[in-house]
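Input: a single structure, listed below in structure tokens.
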Ligand code: MN3
């Protein structure tokens, strides 16, 4: 079965003013759709066409199949990105993840500062992540489409810091985008679900 673009779990304008409908039109409707279309074309008729997406990402990375890796990984990354946001999200974490964040990073504010620094410090395109690495909570950043799957880590949340994610709303102000993302968009319920699935 070819991979499909998942529907957004909210209306295109629901994340405004922090992420505009226009950004989602392009980011979900064009960029993510193009990654989906491209990976489907690239793997058609190959053994990868029968693999789950995570396995395609890992196999393409191992095989140094750059085109397949970039597109499969970006499909996977965006599938995660949309669900770790919600209207009226962000702010104080809830549940288990709050305790884990506090014990790993000292405080929620320290966590936010370090996550933001990871996103701002990713030179060029890439992602900032909250991951489980051998059971430990860590903040990481990766270039381009690279993601925690290829490092054997479990992604709990990922923030897209490619310019297409924020340029229409924030122009070059990536720090403002990351602050708005942490303060108003993170879906802590989804992050808690990812944590529960991982343990
Ligand atoms: Mn993107």
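The values are calculated or read from the model by the stated rules, or taken from the named source; none is laboratory data. Because the structure is predicted, anything quoted here is derived from the model rather than measured. Note that we place each Cβ from the backbone using ideal geometry, even for glycine, and neighbour counts take in every protein chain shown.
So the values come out like this:
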{"quantity": "Residue count, segment 30-71 (criterion: in contact (Cβ under 8 Å) with a residue 60 or more places away in the chain and closer than 21 Å to residue 154 by Cα)", "calculated": "7"}
{"quantity": "Per-region count, segment 31-52, residues more than 16 Å from the ligand (Cβ to nearest atom) and at negative phi", "calculated": "12"}
{"quantity": "Residue satisfying condition, being in the same structural domain as residue 192 (by TED's automatic domain parsing), surrounded by fewer than 23 Cβ atoms within 10 Å (Cβ to Cβ) and either at pLDDT 95 or above or within 16 Å of the ligand (Cβ to nearest atom) (or both), within set 106, 90", "calculated": "106"}
{"quantity": "Qualifying residues in segment 162-195 (those that are part of a loop (DSSP other than H, G, I, E, B) and over 13 Å from the mean Cα position of the chain (by Cα)) - the one nearest to residue 29 (Cα to Cα)", "calculated": "166"}
{"quantity": "Residue 64 being outside any helix (DSSP H, G or I) and either touching a strand residue (DSSP E or B) at 6+ places or on another chain (Cβ under 7 Å) or over 17 Å from residue 164 (Cα atoms) (or both)", "calculated": "yes"}
{"quantity": "Residue 170 surrounded by 18 or more Cβ atoms within 10 Å (Cβ to Cβ), under 23 Å from residue 14 (Cα atoms) and free of Cβ contacts under 8 Å to residues at least 40 places away in the same chain", "calculated": "yes"}
{"quantity": "For residue 75: the one exception among (1) free of Cβ contacts under 8 Å to residues at least 40 places away in the same chain; (2) buried (at least 19 other Cβ atoms within 10 Å of the Cβ); (3) within 14 Å of the ligand (Cβ to nearest atom)", "calculated": "(1)"}
{"quantity": "Meets criteria (surrounded by fewer than 16 Cβ atoms within 10 Å (Cβ to Cβ) and not in a loop (DSSP other than H, G, I, E, B)) for residue 49", "calculated": "yes"}
